[in-house]
Amino acid sequence: MPERLARQLTFCLELDRAKAVERHNTLADGSRREGDAEHMWHVAVMAAVLAEHADEPVDAARVVLMLLLHDVVEIDAGDTLLYDEAGRAAAAAREAAGASRIFGLLPGDQGVALRRLWEEFEAGETADARFARAIDRLAPMLLNAAAGGSVWRAHGVTAAQVAGNEARVAAASGT
């Protein structure tokens, strides 16, 4: 097997581990916690469906790929609750290390390209990244609201914190 293909398949197999990473939020029916792979699929589809509501023109295909990749680093770093400020600060280093390892499994050119896309999402400075980040924040809000706010209550999240998150979503969608 050619080395390039072997590295690509190794990366693809590594992504399977995202299926086992549990997130803090639950499914809309509150029956269980959502997995990272489910989340990445869900937000990717949401971005494709909601791209017309972006405040700025976006490349929906780039946004979808960004969202399909944005949490693969949690294979190594685990999920951190959005409202856990201290946990989020500590997670940044773990996520960067995860990005180096996981994207490093790919052939150099692909690993660099996908790592850059992940970094663009993290920086949130382009129209595509701003919209992707808004969708990434919208999905857990929708699920938690549908589940009666159980995750927010369990973690002591205040209405003001949720409103701040809503404002960040609205800023990227003009709605």
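What the table shows:
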item	result
Within the range 2-79, helices (runs of 4 or more DSSP H) holding 2 or more residues that are open to solvent by less than 20 Å² (accessible area, probe 1.4 Å)	36-50, 60-69, 74-77
Qualifying residue in the range 64-82 (condition: at pLDDT below 95 and among the charged types (D, E, K, R))	yes
Filter result (basic (Lys, Arg) and touching a residue at least 40 places away in the same chain (Cβ under 8 Å)) within the range 1-35	Arg4, Arg7, Arg17, Arg23
Counted residues, the range 140-175 - those being part of a helix (DSSP H, G or I), under 19 Å from Glu85 (Cβ atoms), open to solvent by 20 Å² or more (accessible area, probe 1.4 Å) and at pLDDT 75 or above	7
In the range 76-134, residue nearest to the chain's Cα centre (by Cα) [restricted to those that are closer than 22 Å to Thr10 by Cβ and polar (S, T, N, Q)]	Ser100
Close pairs from the range 90-109: first in contact (Cβ under 8 Å) with a residue 24 or more places away in the chain, partner among the acidic types (Asp, Glu) and open to solvent by 60 Å² or more (accessible area, probe 1.4 Å), Cβ under 6 Å, at least 6 apart	Gly98/Asp76
Among (1) within 22 Å of Gly149 (Cα to Cα); (2) out of contact with any strand residue (DSSP E or B) (no Cβ under 7 Å at 6 or more places or on another chain); (3) of a type outside the set (Val, Ile, Thr), the one test that Met66 misses	(1)
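Conditions tested, residue by residue: (1) open to solvent by 60 Å² or more (accessible area, probe 1.4 Å); (2) outside any helix (DSSP H, G or I).
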residue: Leu82; (1), (2): no, yes
residue: Gly111; (1), (2): no, no
residue: Leu117; (1), (2): no, no
residue: Glu122; (1), (2): yes, no
residue: Ile135; (1), (2): no, no
residue: Leu138; (1), (2): no, no
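The values are calculated or read from the model by the stated rules, or taken from the named source; none is laboratory data. Being a predicted model, the structure only gives us computed values, none of them experimental. Here the Cβ is made from the backbone with ideal geometry for all residues, glycine too, and neighbour counts use every protein chain on show. Heads up: the accessible areas ignore ligands, DNA and RNA and are worked out on the full protein's heavy atoms, side chains in. Shrake-Rupley method; radii C 1.70, N 1.55, O 1.52, S 1.80 Å.
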